[in-house]
Amino acid sequence: MSIIRLNKYLSDSGVASRRKAEQLILDGKITVNDETVSQLGTKIDTEKDEVKYEGEIVKGQDERIVIKLNKPVGYTCTTRNFKGEKNILELIDRDERLYPVGRLDKNSEGLIILTNDGDLALKLSHPRFEKEKEYEVTVDKEINSNQMDNLRKGVKIETGKTRPTKLTKLGLKKFAIVLKEGKKRQLREMCQVLGLRVVVLKRIRINNLELGDLAIGKSEELDQKQIQKLV
């Protein structure tokens, strides 16, 4: 018999981080033995109790799975399927429930991590852990030194001023930038404020994991040594 807290079970099974799992419980989206649970601190017997999320059985975690994917443009990064939308999960031939670590918008490309480990996802994506994410950005016109300085120091966008960052110019219209925060559409808004329009946005690194020469649309499962290096 194995008794554990429900939010930990949901996190270990890849449904969500523990914090997000608690919210799912409060929202009444989790059932145990077909009865809705809305009380935090609930414990379950993993060998006897049947847990469901939005009607789908949640299976316990057999092993931690971490996959890196080179996301193509035109794909969404979500565990929900929307009619007419291409989803990155279609590119992964796995039966396990996986979800993305940090999102890239539909028009962006590059490194995405998919995992069944909610705690790992939280540590890699939440700003308080300050994990670096590096991007290559191509814009529609030549970048001047003033714009470069502003990007480094931080600019005011809709959600507030961005933090100072590292930036390297790669060409007349291209630069690499490292972020430790993840505001929605942050890089596109930063460029827009400075009169630049993003043409290509590609993530090339998350913490110690680099995209490398992984082909667009292809994926690669990390071994335990690579996972430890990642975190």
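The values are calculated or read from the model by the stated rules, or taken from the named source; none is laboratory data. Just so it is clear, the structure is predicted and the values come from calculations on it, not from any experiment. Every residue, glycine as well, gets a Cβ built from its backbone with ideal geometry; the counts of neighbours run over all protein chains shown.
Can we say Glu158 is of a type in the set (Asp, Glu), surrounded by fewer than 18 Cβ atoms within 10 Å (Cβ to Cβ) and closer than 28 Å to Lys68 by Cα? Judged against the criteria, Glu158 is not a match.
Number of residues in segment 202-221 that are under 21 Å from His126 (Cα atoms) and in contact (Cβ under 8 Å) with a residue 24 or more places away in the chain equals 9. Considering segment 118-231, the qualifying strands (runs of 3 or more DSSP E), each wholly inside and each with 2 or more residues that are more than 28 Å from Leu98 (Cα to Cα) and of a type outside the set (Asp, Glu), run over 133-139, 166-171, 174-179, 198-206.
Sort through Leu111, Leu104 and tell me the only one that's within 30 Å of Lys59 (Cβ to Cβ) and either at pLDDT 95 or above or charged (D, E, K, R) (or both).
That would be Leu111, the only listed residue that is within 30 Å of Lys59 (Cβ to Cβ) and either at pLDDT 95 or above or charged (D, E, K, R) (or both).
Just one residue in the set Leu179, Leu201 is in the same structural domain as Lys141 (by TED's automatic domain parsing), under 23 Å from Phe129 (Cα atoms) and surrounded by 16 or more Cβ atoms within 10 Å (Cβ to Cβ); that residue is Leu179. The C-beta contact set for segment 95-116 (first residue without any contact (Cβ under 8 Å) to a residue 40 or more places away in the chain, second residue surrounded by fewer than 21 Cβ atoms within 10 Å (Cβ to Cβ) and of a type in the set (Gly, Ala, Ser), distance under 8 angstrom, 6+ apart or interchain) comprises Lys106/Gly74. The single condition from (1) in contact with an Asp or Glu (Cβ under 8 Å, 6 or more places away or on another chain); (2) surrounded by fewer than 20 Cβ atoms within 10 Å (Cβ to Cβ) that Asn7 fails is (2).
Name the strands (runs of 3 or more DSSP E) wholly within segment 21-108 that hold at least 2 residues that are touching a strand residue (DSSP E or B) at 6+ places or on another chain (Cβ under 6 Å) and under 30 Å from Arg188 (Cα atoms)?
Ranges flagged: 66-71, 99-101.
Filter segment 127-151 down to residues that are free of Cβ contacts under 8 Å to residues at least 40 places away in the same chain and within 24 Å of Glu210 (Cβ to Cβ) and give me whichever is surrounded by the most Cβ atoms within 10 Å (Cβ to Cβ).
To start, the set of residues in segment 127-151 that are free of Cβ contacts under 8 Å to residues at least 40 places away in the same chain comprises 128-129, 142, 144-146, 148-149.
Retained after the next criterion (residues that are within 24 Å of Glu210 (Cβ to Cβ)): 128-129, 148.
Details: Arg128: 9, Phe129: 12, Met148: 16.
Applying the filter and picking the extreme gives Met148.
The C-beta contact set for segment 64-83 (first residue more than 20 Å from Leu120 (Cβ to Cβ), second residue of a type in the set (Val, Ile, Thr) and surrounded by 20 or more Cβ atoms within 10 Å (Cβ to Cβ), distance under 6 angstrom, 6+ apart or interchain) comprises Tyr75/Ile88. Applying the condition of being among the charged types (D, E, K, R) and out of contact with any helix residue (DSSP H, G or I) (no Cβ under 8 Å at 6 or more places or on another chain) to segment 106-126 and asking which residue is surrounded by the fewest Cβ atoms within 10 Å (Cβ to Cβ) yields Lys106.
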